[in-house]
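The values are calculated or read from the model by the stated rules, or taken from the named source; none is laboratory data. This structure is a prediction, so every number in the text was calculated from the model and none was measured. Because the Cβ atoms are built from the backbone with ideal geometry, glycine has one as well, and the counts that use them run over all protein chains shown.
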Amino acid sequence: MNQDQEKKEVDVDVENTNNTESIVENDIEPPIGEPSISNDLLENKEDFEKVLESVIYVEGTISINRLSKIFMVECDFLRDTVSLINAKYKSIDSIIEILEVGDNFMMTVAPSVFGVLSRIYDRKRKKKISKPLLQTLSIIAYKQPITKAEIDDIRQSDSAYHVKSLLDEGFIEWKGRKDMLNKPQTYGTTDKFLMHFCISSINDLPKLRELKELEFDKNV
């Protein structure tokens, strides 16, 4: 083998090696998708609070898991930071508050002004939710998971229209089938329901009894 042939083989080997290294590097690069924030931001606690607060403000409602991916921090760290932000709101007697609703953070006004806002905006509301629809929603909220037959039994009337309307509005969803004859479909509330009434979980449902919108005649 002459020197020219050896040189060509060496060049080919080097080129193949470079291609292999390029492939390996591409394999370990994170996939293009959710934007992320540099870890340098975490070094300044106040700056991080401001950026987190700004993101929640812009989004209005945002998944905690999504925030975790954006900032590359644990969900509990985000919860602790939100608690600090809320403490600052409270210290200046602000009516703004960040609530944890289901798996989301939501920036909203404090529950103490819900009554006043309700009186103001009820006058402007073009379409009011009917009492039978609120009855159905309340039954599902407190009795979930519940079948349509069980809802009908409590209301003593057919609830097909109301269940469909609540499904279409996104306040309820299917929760699987009940382990009984014919395995009927069951229903339960969604995160949208929690957000609408500004509660963190269904464990806070007793507080909703104080809201006029959820009052219903138990004799119906």
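Tell me which residues, restricted to the range 143-196, are of a type in the set (Phe, Trp, Tyr) and in contact with a helix residue (DSSP H, G or I) (Cβ under 6 Å, 6 or more places away or on another chain). Within the range 143-196, 171, 187 meet the criteria.
Among the residues of the range 134-173, not one is within 22 Å of residue 204 (Cα to Cα), crowded, with 18+ Cβ neighbours inside 10 Å and free of Cβ contacts under 8 Å to residues at least 12 places away in the same chain.
Just one of the listed residues (82, 116, 58) is loosely packed, with under 14 Cβ neighbours inside 10 Å, of a type in the set (Val, Ile, Thr), assigned to a helix (DSSP H, G or I) and modelled with pLDDT of 90 or more, namely 58.
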